[in-house]
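Take a look at the structure set out below.
Computed from the coordinates by the stated procedures, all read-outs in this text should not be read as laboratory data. Just so it is clear, the structure is predicted and the values come from calculations on it, not from any experiment. Don't worry about glycine lacking a Cβ; one is built from the backbone with ideal geometry, like all the others, and counts go over all protein chains shown.
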Amino acid sequence: MADSAFKKIQIQRDDTTFDAYVVGKDDAPGIVVIQEWWGVDFEIKNHAVKISKLDTGFKALIPDLYRGKVGLDTAEAQHLMDGLDWQGAVKDIRASVNWLKANGSKKVGVTGMCMGGALAIASSVLVPEVDTVVGFYGTPSSELADPAQAKAPVQAHFGELDNFVGFSDVTAAKSLEEKLKASGVAHEVHIYEGNGHAFLNRSPEGVSRRKRMGLSDEDEAAVELAWSRFTSWMKRYLA
């Protein structure tokens with residue numbers, strides 16, 4: 001996927017600025033797309049371009065939470081995620097939502113995968129300007145956010161075979177569902193049989209990276225179903 005699809009911008013937050021990447025029609029509903037633990041790499045850019053072209057189109061914005069750093073292997077990615085200022089990342093997301101609202105998007109959702117999925121769910125609690133959230137295979141730590149306090153509608157997607165215990169395994173998914181019930185917001189939690197972590201990553205590079213991590217499931221039907229659910233949810237709350 002060519003980087004030329006994106007416009008690189010700078011967003012102001014508190015007393016600092018950070019880079020972000022935008023793709024899609026100027027006046028379309030906005031979606032903040034939050035990176036996996038790798039950083040702003042080829043796969044999150046693939047997802048943002050796909051999101052910008054779904055249905056009638058969205059304006060997708062990726063904030064660079066790692067400030068230019070990208071993990072090339074799991075050890076590096078783990079190191080970057082361990083070093084992340086999670087509260088600061090939530091501030092980045094809030095600034096990104098507000099940038100979209102100030103630049104042509106009447107309503108704005110947040111989505112993310114893995115680490116980004118956890119932050120997306122957290123933003124339903126911590127970012128009052130968010131209109132809806134879709135999280136993929138990630139849940140926030142109790143220190144960061146309690147989904148029972150969610151204020152925006154949440155849709156969440158998990159793989160049945162995901163073995164990141166307490167973060168994105170089936171037990172974490174079911175716990176999230178209970179908390180969302182308690183919050184009273186509209187919500188859906190979907191678990192995909194026979195799928196592992198990061199099952200949306202279908203680019204050739206993404207597939208080979210998943211295989212190196214021992215994730216060999218390939219289920220195009222589940223990927224299509226997840227994207228169709230994502231699209232109808234975002235349309236419902238952002239149209």
Filter the range 94-129 for residues that are β-branched (Val, Ile, Thr) and either under 13 Å from the mean Cα position of the chain (by Cα) or farther than 16 Å from SER183 by Cβ (or both); the one that is surrounded by the most Cβ atoms within 10 Å (Cβ to Cβ) is VAL110
Matching residues in the range 147-165 (without any contact (Cβ under 8 Å) to a residue 40 or more places away in the chain and either touching a Pro at 6+ places or on another chain (Cβ under 8 Å) or outside any loop (DSSP other than H, G, I, E, B) (or both)) number 7
Among residues of the range 1-43 being farther than 23 Å from PHE199 by Cβ, in contact with an Asp or Glu (Cβ under 8 Å, 6 or more places away or on another chain) and in contact (Cβ under 8 Å) with a residue 40 or more places away in the chain, the residue surrounded by the most Cβ atoms within 10 Å (Cβ to Cβ) is ALA20
Any chance ASN195 is of a type outside the set (A, V, I, L, M), in contact (Cβ under 8 Å) with a residue 40 or more places away in the chain, surrounded by 19 or more Cβ atoms within 10 Å (Cβ to Cβ) and under 15 Å from PHE136 (Cβ atoms): no
Q. Quick check: anything in the range 49-57 outside any helix (DSSP H, G or I) and of a type in the set (Gly, Ala, Ser)?
A. yes
Conditions (1) more than 25 Å from GLY57 (Cα to Cα); (2) out of contact with any strand residue (DSSP E or B) (no Cβ under 8 Å at 6 or more places or on another chain) -> PRO147 fails only (2)
Among SER216, SER175, SER168, the single one that is in a loop (DSSP other than H, G, I, E, B), polar (S, T, N, Q) and closer than 16 Å to GLY117 by Cα is SER168
Meets criteria (part of a helix (DSSP H, G or I) and touching a Lys or Arg at 6+ places or on another chain (Cβ under 9 Å)) for VAL185
no
Within the range 203-228, of all residues that are farther than 28 Å from GLU188 by Cα and not small (Gly, Ala, Ser), the one surrounded by the fewest Cβ atoms within 10 Å (Cβ to Cβ) is PRO204
